[in-house]
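Visitor: Got a structure for you, questions after.
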There are 2 protein chains.
Amino acid sequence: MDTDKHLTDGAPEPFTADDYRARMERAAAEAADAGLAGLLVAPGPDLDWLTGYRPTAATERLTLLVLAAGQDPVLVVPALEAPDAARAVGAPALTLRDWTDGKDPYAVTAPLLDVAGRFGVSDNAWAMHLLGFQKALPGTSYVSLTEALPMLRAVKDDAELRRLAAAGAAADAAYEEIVKVPFAGRRETDVAADLAELLRRFGHSRVDFTVVGSGPNGANPHHEAGERVIEDGDMVVLDFGGLLHGYGSDTSRTVHVGEPTEEERRVHDIVREAQAAGCAAVRPGAACQDVDRAARAVIDDAGYGAYFIHRTGHGIGVTTHEPPYMIEGEQRPLVPGMCFSVEPGVYLPGRFGVRIEDIVTVTADGGRRLNTTAREMAIVG
Amino acid sequence: MDTDKHLTDGAPEPFTADDYRARMERAAAEAADAGLAGLLVAPGPDLDWLTGYRPTAATERLTLLVLAAGQDPVLVVPALEAPDAARAVGAPALTLRDWTDGKDPYAVTAPLLDVAGRFGVSDNAWAMHLLGFQKALPGTSYVSLTEALPMLRAVKDDAELRRLAAAGAAADAAYEEIVKVPFAGRRETDVAADLAELLRRFGHSRVDFTVVGSGPNGANPHHEAGERVIEDGDMVVLDFGGLLHGYGSDTSRTVHVGEPTEEERRVHDIVREAQAAGCAAVRPGAACQDVDRAARAVIDDAGYGAYFIHRTGHGIGVTTHEPPYMIEGEQRPLVPGMCFSVEPGVYLPGRFGVRIEDIVTVTADGGRRLNTTAREMAIVG
C-alpha cells in the first residue's frame with residue numbers, strides 16, 4: 001500500500017548525536033561572530049533542530065539549551081523530564097542539568113551565563129522565562145534569535161533536502177487524490193478532513209493546516225475551512241501541509257467546481273504566471289525580495305496588484321513557516337540549499353481567491369520545485 | 001450512541017460577547033488594582049478566555065490584546081487574520097486594529113501604551129514580541145501575567161464548572177472502557193491510541209496526553225507511552241486528558257495486569273489514601289500548600305516520601321495545566337470555584353509507579369471531585 005511505502009521504504013537515515021553536535025557547534029560559532037555571549041534555546045523548532053529533543057509541551061517549567069562561548073552545551077530541564085531529555089538523540093552531545101519543582105530555575109541557570117552578556121533567545125521562548133532572566137541577571141541583554149541569526153536554519157544540507165523532498169512528494173500525492181473526491185454539496189470542513197486523512201495516509205506524522213476556501217471564503221487568505229457548503233461554480237483554494245520525518249510540506253492549488261467563468265480563468269492564469277515568474281527568479285545571489293518582486297510584477301501589470309495582499313513566500317524546514325521571507329525589503333541573498341514557498345495570490349473580496357504555491361529549493365544555478373503537480377486549474381466535481 | 005449524546009445533548013450554552021466583555025473588564029480592573037498600566041495578552045489560553053479568539057497558530061506575526069487602563073480593549077492583529085478575528089465571539093466587545101506585512105507591529109501598538117507603564121504580559125507571549133516592545137518603548141517594564149495576576153482565571157463560574165464537569169465525566173467514561181481492552185501483549189502506544197480514541201468518542205475535541213506507563217516506565221512520572229510491550233504482572237499508570245467544549249479533563253488511575261504482589265497492593269493503597277487525604281483537605285480558606293501537605297504526609301508516614309517527586313496538583317480550565325498549584329510554599333487560599341488536580345504518586349525507579357488523580361473543585365464547605373471512577377486498583381487483562 002502507498003501508506004506503508006511512504007512510511008517505511010522512504011524512511012531516511014536518522015540524524016545522529018554527531019549531526020546535532022555539529023549543528024550546536026555551528027550555532028555557537030555564528031553567535032560568537034554576531035557578538036553574542038551565547039544562545040538560549042527554548043522548546044520548539046530551534047531546540048528540535050539543535051538537539052533532536054522535543055518535549056511533550058512547552059510549559060511554565062523552564063527547559064532551555066544554553067550554548068555559551070567557551071563551554072559545552074548544557075540543557076537545563078525540569079527533573080521530571082530529565083529521563084525523556086536523556087533519551088534525545090542529541091543528548092550525548094550535551095550536559096543535562098536538572099532542577100526540581102519549587103527551585104528557581106533562573107538561579108539554577110544563571111551560573112552558566114556571562115552576567116554582562118548579550119544573548120540570542122529563541123523567538124518563541126516564553127516571555128515569562130525571558131523576564132526571569134532579565135530579573136535574575138539585570139546586566140544581561142537579549143535579542144531574538146531570528147533577528148540575531150536569521151539564517152541559522154535556512155540553508156538545508158542534503159539530509160534535510162531529502163526529507164523536504166519526501167514531504168513535498170507526499171503532499172503532491174495527497175493533491176492527486178483530493179481532486180477526485182466530490183466537492184459540490186459537501187462542507188469545506190469535510191474536504192479538509194479528507195485532505196488531512198490523505199496527508200497522514202501518505203506518511204505525514206503531523207498535519208499543520210488544511211485550508212479549503214470556497215467561493216468568497218477563498219478571498220480570505222487565512223481562512224482555514226468552515227461550515228460553508230461548496231457549490232457548483234465555486235473556485236476553491238486548497239492549501240495544506242504538515243510534517244513528515246520531521247520536515248515540512250506546504251503547497252496550494254486552486255481548483256474549480258464545474259466550468260469556470262472567463263474572469264475566473266483569467267485570474268487563475270495571472271496567478272499561475274506570477275508563480276512561475278517567482279520561481280524563475282530563484283537563483284543563488286538574488287535577493288529574497290527579488291522573488292517577491294518578480295511574482296508581484298506579473299500581478300501588478302495585470303491590474304490586480306491591490307488584491308495580492310501578502311508576501312510571496314516563507315522558509316520551510318523543521319517548521320512549515322520560518323525565515324527566509326520572500327518580501328519587499330528582505331535583501332539577504334539566496335544561497336543554495338535554502339527552501340521556501342513561492343505562493344502569490346489574488347483575493348477578490350466577497351467573490352473568490354486564487355493561490356498557487358510550491359516549495360522551491362535554491363540550487364547551484366537556479367531553483368528546483370519540490371511540488372510538481374499540475375498548476376493548471378483542475379476541474380472538480 | 002454515546003458519542004452523539006455527549007456531543008449534542010451535553011453541548012453547553014455558548015459564551016456571549018457580554019461574557020467576554022465582563023471578563024475583560026474584570027481583568028483590566030484587577031490589573032489596575034495590581035498597579036499595572038495594562039495587560040498585553042498573546043494568543044493562547046488567556047486570549048481564548050478573554051475574547052474567545054483562537055488564532056490557528058501563534059507565529060512571528062504579532063497578535064495582541066491590549067487591555068489598558070481607561071481605554072476600550074484593542075486587539076492588534078495581522079491584516080490577513082483580521083477577518084477571522086472579527087468572527088470571534090468576543091469581537092463585538094473590542095476594537096480591532098490590523099497591521100500589514102512589512103509594517104512594524106510594535107510601532108502600530110505603541111500609541112496604545114503608557115510609555116512609562118508597567119504591563120502584565122501573557123506567560124507564553126513570544127520572547128521576540130516582548131523584546132519588540134522593550135525596544136520600541138524603553139521606558140516600559142513588564143511582569144508575567146501569572147506573576148502579576150496568578151488567580152485571574154483560577155475561580156470558575158457556573159458555566160465554566162459545568163464544562164469542567166462534562167469534561168471530567170467524559171474522561172471517566174473513557175476510563176470505564178479502557179479497563180476492558182486487552183493490555184498484556186500490546187504496546188503502550190496501542191493502549192494510548194485506544195485512550196485517545198475513547199476520549200474523542202466521548203466528546204473531546206482535543207486530546208492533550210495519554211500516558212500509559214507500564215512496569216518500570218510507570219516510575220517516570222512524565223513518561224508518555226512507548227514501544228514497550230505490556231506484560232502480565234505489570235503495574236500500569238494511566239493519565240489522560242484533553243479539552244471538551246473548550247475546558248479540560250485530567251485524570252489518572254493505576255491498574256494492574258493480573259494479580260498484584262503484596263508490595264504493589266500496599267503502595268497502591270498508600271497512594272489512594274494520600275489522594276483521599278489531599279481531597280479531604282480541600283475547603284475554602286485552606287492554603288494551596290495544605291492540600292500538598294495532607295497528601296504528602298500519608299506517603300511520608302508510610303516511608304515512601306523520597307519517591308513522591310512532584311507537587312500534588314495544578315489548576316485546570318481552558319488549559320489542562322495552569323495555576324493554582326498545590327505545592328509547598330503556595331500560601332494563597334482556596335476559593336469556591338477553583339478547580340485543580342489532586343494527584344499524588346509513588347515512583348520506584350526501575351520497578352513501577354502509582355498515581356491516582358482526580359479534578360476537584362472547591363465548594364462552599366469543602367471539595368467536590370469531578371472524577372468519580374473507582375480508585376481501587378483495577379485488574380486488567
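The values are calculated or read from the model by the stated rules, or taken from the named source; none is laboratory data. Since we're looking at a predicted model, the values are computed, not measured. All Cβ positions, glycine included, derive from the backbone under ideal geometry; neighbour counts span all protein chains shown.
Visitor: Exactly one condition in (1) in contact (Cβ under 8 Å) with a residue 60 or more places away in the chain; (2) under 22 Å from the mean Cα position of the chain (by Cα); (3) under 17 Å from B:Leu145 (Cα atoms); (4) within 14 Å of chain A (Cβ to nearest Cβ) is false for B:Leu36; which is it?
Guide: Only one criterion is unmet by B:Leu36, namely (2).
Visitor: Looking at A:Ala165, A:Ala173, A:Ala159, A:Ala169 in this structure, which one is over 24 Å from A:Ala58 (Cβ atoms), modelled with pLDDT under 95 and assigned to a helix (DSSP H, G or I)?
Guide: A:Ala159
Visitor: In addition: If A:Arg153 meets every condition in (1) surrounded by 19 or more Cβ atoms within 10 Å (Cβ to Cβ); (2) outside any loop (DSSP other than H, G, I, E, B); (3) basic (Lys, Arg) apart from one, which number is that one?
Guide: Exception for A:Arg153: condition (2).
Visitor: Looking at the range B:54-65 only, could you name the residues that are touching a Phe, Trp or Tyr at 6+ places or on another chain (Cβ under 9 Å) and either part of a loop (DSSP other than H, G, I, E, B) or more than 30 Å from A:Gly315 (Cβ to Cβ) (or both)?
Guide: B:Thr56, B:Ala57, B:Ala58, B:Thr59, B:Glu60, B:Arg61, B:Leu62, B:Thr63
Visitor: Mind checking which residues of the range A:276-293 are buried (at least 24 other Cβ atoms within 10 Å of the Cβ) and closer than 24 Å to A:Phe352 by Cβ?
Guide: Selection gives A:Gly278, A:Asp292.
Visitor: For A:Arg296, are the conditions met, namely being farther than 30 Å from A:Ser205 by Cβ, buried (at least 20 other Cβ atoms within 10 Å of the Cβ) and among the basic types (Lys, Arg)?
Guide: yes
Visitor: On the basis of being within 11 Å of chain B (Cβ to nearest Cβ), among the acidic types (Asp, Glu) and either more than 16 Å from the chain's Cα centre (by Cα) or under 16 Å from A:Gly278 (Cβ atoms) (or both), does A:Glu322 make the cut?
Guide: Criteria not met by A:Glu322.
Visitor: So, in the range A:275-319, exactly how many residues are assigned to a loop (DSSP other than H, G, I, E, B), over 22 Å from the mean Cα position of the chain (by Cα) and free of Cβ contacts under 8 Å to residues at least 40 places away in the same chain?
Guide: 2
Visitor: Which condition from (1) away from chain B (no Cβ under 14 Å); (2) buried (at least 24 other Cβ atoms within 10 Å of the Cβ) is the one that A:Val229 breaks?
Guide: Exception for A:Val229: condition (2).
Visitor: Considering only the range A:299-337, state which residues are in contact with a Cys (Cβ under 6 Å, 6 or more places away or on another chain) and either surrounded by 17 or more Cβ atoms within 10 Å (Cβ to Cβ) or on the phi > 0 side of the Ramachandran plot (or both).
Guide: Of everything in the range A:299-337, those that are in contact with a Cys (Cβ under 6 Å, 6 or more places away or on another chain) and either surrounded by 17 or more Cβ atoms within 10 Å (Cβ to Cβ) or on the phi > 0 side of the Ramachandran plot (or both) turn out to be A:Ile316, A:Pro324, A:Met326, A:Glu330.
Visitor: Output yes when any residue across the range B:162-183 is touching a residue at least 24 places away in the same chain (Cβ under 8 Å), among the β-branched types (Val, Ile, Thr), more than 14 Å from every other protein chain (Cβ to nearest Cβ) and more than 29 Å from B:His321 (Cα to Cα), and no when none is.
Guide: no
Visitor: If a residue must be surrounded by 18 or more Cβ atoms within 10 Å (Cβ to Cβ) and either part of a helix (DSSP H, G or I) or within 14 Å of another protein chain (Cβ to nearest Cβ) (or both), how many such residues does the range A:135-149 contain?
Guide: Selection size over the range A:135-149: 8.
Visitor: If you don't mind, there's one more thing I want to ask. Which residues, counting only those in the range A:12-37, are among the aliphatic types (A, V, I, L, M) and within 18 Å of A:Lys156 (Cα to Cα)?
Guide: Of everything in the range A:12-37, those that are among the aliphatic types (A, V, I, L, M) and within 18 Å of A:Lys156 (Cα to Cα) turn out to be A:Ala17, A:Ala22, A:Met24, A:Ala27, A:Ala28, A:Ala29.
Visitor: Then there is this: When only residues in the range A:173-209 that are closer than 16 Å to A:Ile316 by Cα and crowded, with 16+ Cβ neighbours inside 10 Å count, which is nearest to the chain's Cα centre (by Cα)?
Guide: Among those residues, the one meeting the criterion is A:Asp208.
Visitor: Return the residues of the range B:338-353 that are in a strand (DSSP E or B) and within 21 Å of the chain's Cα centre (by Cα); say none if nothing qualifies.
Guide: Of everything in the range B:338-353, those that are in a strand (DSSP E or B) and within 21 Å of the chain's Cα centre (by Cα) turn out to be B:Met338, B:Cys339, B:Phe340, B:Ser341, B:Val342, B:Gly345.
Visitor: Does at least one position in the range A:239-262 carry a residue that is over 25 Å from A:Ala174 (Cα atoms), surrounded by fewer than 24 Cβ atoms within 10 Å (Cβ to Cβ) and not basic (Lys, Arg)?
Guide: Yes, the conditions are met somewhere in the range A:239-262.
Visitor: Residues of the range A:284-309 being in contact with an Asp or Glu (Cβ under 6 Å, 6 or more places away or on another chain) and within 12 Å of another protein chain (Cβ to nearest Cβ), which ones?
Guide: Hits for the range A:284-309 are A:Gln289, A:Asp292.
Visitor: I need a count of the residues in the range A:64-102 that are closer than 21 Å to A:Asp19 by Cβ, surrounded by 18 or more Cβ atoms within 10 Å (Cβ to Cβ), of a type outside the set (A, V, I, L, M, F, W, C) and without any contact (Cβ under 8 Å) to a residue 60 or more places away in the chain.
Guide: Going through the range A:64-102 one residue at a time, the tally reaches 2.
Visitor: Mind listing whichever residues of the range A:106-129 are outside any strand (DSSP E or B) and buried (at least 22 other Cβ atoms within 10 Å of the Cβ)?
Guide: A:Thr109, A:Ser122, A:Asp123, A:Asn124, A:Ala125, A:Ala127, A:Met128, A:His129, listed by residue number.
Visitor: Give the residues of the range A:150-161 that are among the basic types (Lys, Arg) and either without any contact (Cβ under 8 Å) to a residue 24 or more places away in the chain or away from chain B (no Cβ under 14 Å) (or both), sorted by residue number.
Guide: A:Lys156
Visitor: May I ask you to list the residues in the range B:354-376 that are under 27 Å from B:Pro260 (Cβ atoms) and either outside the structural domain of B:Ile299 (by TED's automatic domain parsing) or not in a loop (DSSP other than H, G, I, E, B) (or both)?
Guide: B:Val354, B:Arg355, B:Glu357, B:Asp358, B:Ile359, B:Val360, B:Arg369
Visitor: For the range B:303-310, state whether one or more residues are under 30 Å from B:Ala159 (Cβ atoms) and in contact with a helix residue (DSSP H, G or I) (Cβ under 8 Å, 6 or more places away or on another chain).
Guide: No, that holds for no residue.
Visitor: Turning to a different aspect of this structure: Does A:Ala82 satisfy the criteria of being outside any helix (DSSP H, G or I) and among the small types (Gly, Ala, Ser)?
Guide: Considered against the rule, which asks whether it is outside any helix (DSSP H, G or I) and among the small types (Gly, Ala, Ser), A:Ala82 comes out as no.
Visitor: For the range B:120-134, give me each residue that is under 12 Å from B:Ala37 (Cα atoms) and more than 7 Å from every other protein chain (Cβ to nearest Cβ).
Guide: Of everything in the range B:120-134, just one residue is under 12 Å from B:Ala37 (Cα atoms) and more than 7 Å from every other protein chain (Cβ to nearest Cβ), namely B:Gly120.
Visitor: Take A:Pro92 and decide whether it is part of a loop (DSSP other than H, G, I, E, B), out of contact with any Lys or Arg (no Cβ under 7 Å at 6 or more places or on another chain) and at pLDDT 95 or above.
Guide: In short, no.
Visitor: Right, another one. When you check A:Gly132 against the structure, is it closer than 27 Å to B:Pro138 by Cβ, in a strand (DSSP E or B) and in contact with a strand residue (DSSP E or B) (Cβ under 9 Å, 6 or more places away or on another chain), yes or no?
Guide: no
Visitor: Counting only residues that are buried (at least 22 other Cβ atoms within 10 Å of the Cβ) and of a type in the set (Gly, Ala, Ser), which one in the range B:35-53 is farthest from B:Gly317 (Cα to Cα)?
Guide: Here the answer is B:Gly38.
Visitor: A follow-up question, please. Just to be sure before I move on: is B:Thr254 over 17 Å from the mean Cα position of the chain (by Cα) and within 30 Å of B:Leu334 (Cα to Cα) in the structure I sent?
Guide: yes
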